[in-house]
Amino acid sequence: MDSDRRTPGEVLANARSTYADKWTVSAEWHEAEGHYKWMADDLGLTDATILEIGVGDGRSTLELLSRGHTVVSIDENPECLAAAKARLESAGYEATVELRGAVQEDDFQHAVVYRTPNTRVRTGWCHLIEGDPVVDPGLRGWLERACGFDAVVCWLIGTHNARLGSNFHYHAKEVRSSGDYRLVVQNEVYELADLVLNRGGFLHVVDRGEVEDSEEYRNDVLSAHRDQASTTKLVVERCSHIVTGSVAAEGGKEMVMTPGSSGRPFLKSSLGLVAITSRRP
Ligand SMILES: C[S@@+](CC[C@H](N)C(=O)[O-])C[C@H]1O[C@@H](n2cnc3c(N)ncnc32)[C@H](O)[C@@H]1O
């Protein structure tokens with residue numbers, strides 16, 4: 001069918017599938033470069049209960065499970081949930097998937113309406129749940145009741161074009177670019193972590209950006225995240241980084257960098273990943 005004549009629901013289905021295919025190439029690169037090990041080491045917990053926002057193809061989740069964690073992982077993309085389940089099961093882990101979304105569309109836009117989750121959390125398992133914390137109030141209520149979390153991780157959040165172009169909710173929030181999108185999701189994750197973390201628990205956000213070993217750089221990153229945390233009880237404690245020396249994995253999703261609060265231009269020689277850790281007092 002001519003792409004111009006596809007319905008918003010068809011555009012969404014295609015964008016989800018293309019995104020899942022591309023992300024797995026990027027994730028393979030992140031895994032081969034040791035980035036997931038670095039993230040899990042930086043979080044620094046073992047045998048904890050973790051809420052992950054954004055499962056990708058499950059490689060980040062696999063790293064968490066290998067540390068003895070119980071994981072609840074939320075993703076809006078059913079294609080990513082299916083890929084993650086297959087990966088986790090083939091590595092020998094118990095994984096469940098709960099699909100909850102119903103796509104609705106008019107001539108121009110789509111929306112996804114989610115029913116309340118009914119997964120029961122089991123120690124040592126991974127529970128993969130379709131949802132989107134930004135537009136999914138039933139998820140928030142369920143997460144508050146399901147169990148206490150020792151950490152919330154939001155690693156490398158990003159999305160496909162149909163969310164930026166034709167999603168009713170994100171359009172209403174005036175989200176037009178990857179940068180807007182990341183900020184909206186991360187802000188929501190700060191609020192969610194405030195609700196579901198046990199006392200002493202951590203929020204661990206990993207993003208792409210300029211990285212360098214200087215006080216000015218660290219203050220720039222920390223001050224951007226302190227703004228994000230300012231409506232919550234969370235205390236932004238530290239940031240760490242790893243230089244990746246690249247902005248894109250061949251064939252995968254191009255890495256779009258997030259600037260610090262100063263908005264300084266990027267130094268292309270020092271692009272990498274930055275992890276920001278906050279604590280719930
Ligand atoms: C770039 S991938 C990163 C996945 C994984 N954390 C990793 O580091 O490999 C981002 C994932 O977040 C999911 N995602 C993006 N926005 C989301 C949202 N608002 N709610 C739930 N999942 C989301 C995407 O579908 C995708 O699977």
Inset, instruction - Extending each Cα 7 Å along its Cβ direction at residue 144 and residue 215, get the distance between those two points in nm, one decimal. - result: 4.2 nm
Inset, instruction - May I ask for the longest run of the chain untouched by GluC sites (Glu not before Pro) that are loop-located per DSSP and have at most 16 neighbouring C-beta atoms (other than their own) within 10 Å? - result: 95-173
Legend entry - Antiparallel bridge percentage (DSSP; both residues within region 71-181; nearest 5): 35 percent
Inset, instruction - Would you list the membrane-span-like helices of the chain, meaning whole DSSP H runs whose alpha-carbon atoms span at least 15 Å along their axis and whose mean Kyte-Doolittle value is at least 0.0? - result: 178-196
Inset, instruction - Determine by what factor the alpha-carbon radius of gyration of the chain differs from 2.2 N^0.38 Å, reporting the quotient. - result: 0.96
Legend entry - the chain, helix-only ellipticity at 222 nm - DSSP H runs n ≥ 4, -39,500 (n - 2.57), divided by all residues, nearest 500: -12000 deg cm²/dmol
Inset, instruction - Using per-residue counts of other Cβ atoms within 10 Å, averaged over each peptide, order 113-120, 145-152 from highest down. - result: 145-152, 113-120
Inset, instruction - Would you mind checking 22/233; 37/85; 173/233; 37/173 for any pair whose Cα atoms are more than 28 angstrom apart? - result: 22/233; 37/173
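FYI, it's all coordinate maths here, none of it is from the lab. Treat the numbers as computed from the prediction; the structure is a model and nothing was measured. Because the Cβ atoms are built from the backbone with ideal geometry, glycine has one as well, and the counts that use them run over all protein chains shown.
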